[in-house]
Amino acid sequence: WLPDVFGYSGAPPQILKKAGVQYFMTQKLSWNKFSQFPHQTFHWAGIDGSKVLTHMLPEETYNSQAGPKALLDGVKKYLDKAVCDRFLTVFGIGDGGGPGMEHLERLDREKNLSGLPPVVQETTEKFFERIDGPDSAYAEWKGELYFECHRGTYTSQARSKRRNRQLELRLRDAEFLACLATLAGGKYPAKTLERIWKELLLYQFHDVLPGSSIKRVYDESLERYEKLLEETDELIDQAVTTIAGDVATTDLARPGLVFNSLSWDRAEWGRNGGKWVRIEAPALGFTVANLDQTGTAPSGLTATEKRLENDSLRVKFDKDGWIASVYDKDNRREVLAPRTSGNHLVVYVDTVPTPFPAWDYAENYDARPPRAFRHESAETRIDGPKTILKQTRVFGASRLTQEIVLTAGSRRLDFETEVDWREREKNLRAQFNVDVTTDEAACEIQFGHLKHPTHRNTSWDQAKFEICAHKWIDFSDRNYGVALLNDCKYGHKVFGNLMDINLLRSPISPDPEADRAVHRFTYSLYPHAGDHVAGGVIEAGYELNAPLRVVGIESSTTSGAAGRSLVRVESEQTPCPVVVEAVKKAEDSNDLIVRLYEAQGPRPKWTFSSASRSRRPSWLT
């Protein structure tokens, strides 16, 4: 029952079905401006094929007056009356008022009135049971239900969105590490985790996370986010301390623990106590590392104002500091399109011709040429395995500092950004024109990905001038591709060969000070061979958001394990087609829940195994 949500990815049908929810109701797509959604009673199929019977209100409102005109409008507008003889009317004052005496009186008089459809008051569940049936001829709609409005909510109130992403991932780590700690005799902090999760979910409520609430909401919720992050970090520290007390490190002069919360083995550069170390960790587990062992010193790193280079990429900059070239040395090809620049930081006027500035985004915002941040200064350095160009830019009263980073052994070009954003009704975007030809961009959603057109052939395509994605978008052909990753952004534009990420807005209502603050975020350009699956884009998006955790510990003489994976997923396919999204103790039993999904598509071949049986706790089933 979601009458007022701003669009739906292709993930909900599977989640609903697995939660025992058979039916779904909304009406928001009636607001669409470019094209009319073709059905009001239909089967909605998710990205895995799961289906839920869906009904959209023909009256196109959840505030029906329940009078004769309203009922006749419903009959007239009902698109599926040829296959269904009933529709739903939701009456009253929807946002907090409920039904009034006048609504109930009208409905009572209209039960069986000549010239009107007969009226029955009953539960919505009963309504759906009446229209459900094995022989129904309802159409099927596959994938996303794109809402052609309120696209500004992908970006408004960026600090809230960043804290939400951080806390979701931090809680995921806390649950996993708490499970791992129970192998060493720790106690799972179920009540504390439940309390923090519930408060986080409160701030995902409409209109908080969309960025469309008043100033007070963000003054209070941002303060609470900080407190919840502190509490979650305390849970993580407790788990790490428990695990550290049960490891064998007697042969190491400077031991440390390396934790990996992702479901594949990883090897990366990490920092501990100011020292860079080459670290490895097994999937969903930990290992004991020698923090005095720095690994092979990286070579071939270059850092000047005109060039950054590592073993995989060579990046050149023009006189204004924009990227003039990204050359992929492994695949021997240029990443950017000819005669274009990359990481172009542009500012558009962001006035909205509706009463909803925080919600909406003007479809013709790019009709006027944008202005760009002006290059002010640059400095370079090599820090261990990292080659870094630090640029400072200004626009109006705003200042942007960006460290552009290449790391040895990595194909990721990171843009670690801090912006003191002081503009009103402006929009900051980063743009890359890439040398890849494709009709569709792959965009990550919950537990999978969708494809969005990179053209404007139809009204449906034209409506998608701004699209939503989670950790990445990707342009690929069969042989090569480029992804744009992020650690807290959601709004994007894909058109032709343009990859564009919406970094900041500054609407003036309902919060007149929205986003005028200091912001920190990272986005990354990730060129790769093959498509987004073969190129490891799914894994790269997770790795940007969930780096390995390195913890120095005291030397121990215990006989515990030197490292382990709590769970493993293995497959002949590379990369592994299955991602473990959560590992936690069940809420109502002593079982362990492992939530995983097929990230590349349905029904790959894979196997699953749990922790070492010799050390398994009683609840590990």
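The values are calculated or read from the model by the stated rules, or taken from the named source; none is laboratory data. Because the structure is a prediction, the values reported are computed rather than measured. Cβ: placed from backbone, ideal geometry, glycine included. Neighbour counts: every protein chain shown. For the accessible areas, the whole protein counts, side chains as well, though only heavy atoms, and no ligand, DNA or RNA atoms are used. Shrake-Rupley method; radii C 1.70, N 1.55, O 1.52, S 1.80 Å.
For residues in segment 490-503 being of a type outside the set (Val, Ile, Thr) and open to solvent by less than 10 Å² (accessible area, probe 1.4 Å), which is nearest to the chain's Cα centre (by Cα)? It comes out as GLY491. Contact map, segment 188-206: residues that are farther than 13 Å from ARG172 by Cα and touching a residue at least 12 places away in the same chain (Cβ under 8 Å) paired with residues that are in a helix (DSSP H, G or I) and β-branched (Val, Ile, Thr), Cβ distance under 6 Å, separation 6+ or inter-chain. Pairs shown: TYR188/THR182. Scanning segment 262-279 for residues that are more than 26 Å from the chain's Cα centre (by Cα) and surrounded by fewer than 16 Cβ atoms within 10 Å (Cβ to Cβ) yields ARG271, GLY273, GLY274, LYS275.
With respect to being more than 30 Å from VAL349 (Cα to Cα) and charged (D, E, K, R), GLU581 fits the description. If the Cβ limit is 6 Å and pairs must be 6+ apart or interchain, which residue in segment 585-607 that is closer than 16 Å to LYS187 by Cβ pairs with which residue that is modelled with pLDDT of 90 or more? The qualifying pairs are LYS585/TYR188; ALA586/ILE593.
Going through LYS51, LYS77 one at a time, which residue ends up being under 36 Å from the mean Cα position of the chain (by Cα), of a type outside the set (Ser, Thr, Tyr) and under 20 Å from LEU2 (Cα atoms)? Step through it out loud before you land on a result.
Numbers: LYS77 fails: under 20 Å from LEU2 (Cα atoms).
Result: LYS51 is the single residue among LYS51, LYS77 that is under 36 Å from the mean Cα position of the chain (by Cα), of a type outside the set (Ser, Thr, Tyr) and under 20 Å from LEU2 (Cα atoms).
Could we say that THR123 is more than 16 Å from HIS43 (Cα to Cα) and open to solvent by less than 70 Å² (accessible area, probe 1.4 Å) here? When the stated conditions are applied, THR123 does not pass them.
So is GLY274 free of Cβ contacts under 8 Å to residues at least 60 places away in the same chain and not acidic (Asp, Glu) or not? Don't jump to the end; show me each part of the working.
Values: free of Cβ contacts under 8 Å to residues at least 60 places away in the same chain: yes; not acidic (Asp, Glu): yes.
Answer is yes for this residue.
For segment 350-359, the criterion of being touching a Gly at 6+ places or on another chain (Cβ under 6 Å) and more than 19 Å from SER312 (Cα to Cα) is met by at least one residue.
Considering segment 504-517, the residues that are buried (at least 24 other Cβ atoms within 10 Å of the Cβ) and outside any loop (DSSP other than H, G, I, E, B) include one that is farthest from the chain's Cα centre (by Cα), namely ARG505. Listed by position, the strands (runs of 3 or more DSSP E) contained in segment 292-362 that have at least 3 residues being closer than 22 Å to GLY496 by Cα, open to solvent by less than 70 Å² (accessible area, probe 1.4 Å) and touching a residue at least 12 places away in the same chain (Cβ under 8 Å) are 323-328, 342-349.
What are the residues in segment 479-489 that are without any contact (Cβ under 8 Å) to a residue 60 or more places away in the chain and either surrounded by fewer than 24 Cβ atoms within 10 Å (Cβ to Cβ) or in contact with a helix residue (DSSP H, G or I) (Cβ under 9 Å, 6 or more places away or on another chain) (or both), if any? Listed by number, the residues that qualify are ASN479, GLY481, ALA483, ASN486. When ALA367 is tested against (1) of a type in the set (A, V, I, L, M); (2) over 21 Å from SER524 (Cα atoms); (3) open to solvent by 60 Å² or more (accessible area, probe 1.4 Å); (4) in contact with a strand residue (DSSP E or B) (Cβ under 9 Å, 6 or more places away or on another chain), exactly one condition is not met: (4).
Can you find a residue in segment 607-614 that is among the aromatic types (Phe, Trp, Tyr), at pLDDT below 90, open to solvent by 50 Å² or more (accessible area, probe 1.4 Å) and in a loop (DSSP other than H, G, I, E, B)? No, that holds for no residue. Residues that are in a loop (DSSP other than H, G, I, E, B), loosely packed, with under 15 Cβ neighbours inside 10 Å and either touching a His at 6+ places or on another chain (Cβ under 8 Å) or of a type in the set (A, V, I, L, M) (or both) do not occur anywhere in segment 86-97.
Just one residue in the set GLY20, GLY49, GLY92 is free of Cβ contacts under 8 Å to residues at least 24 places away in the same chain and on the phi > 0 side of the Ramachandran plot; that residue is GLY20.
Scanning segment 370-380 for residues that are open to solvent by 30 Å² or more (accessible area, probe 1.4 Å) and either part of a loop (DSSP other than H, G, I, E, B) or closer than 19 Å to GLY270 by Cβ (or both) returns a single hit, PRO370.
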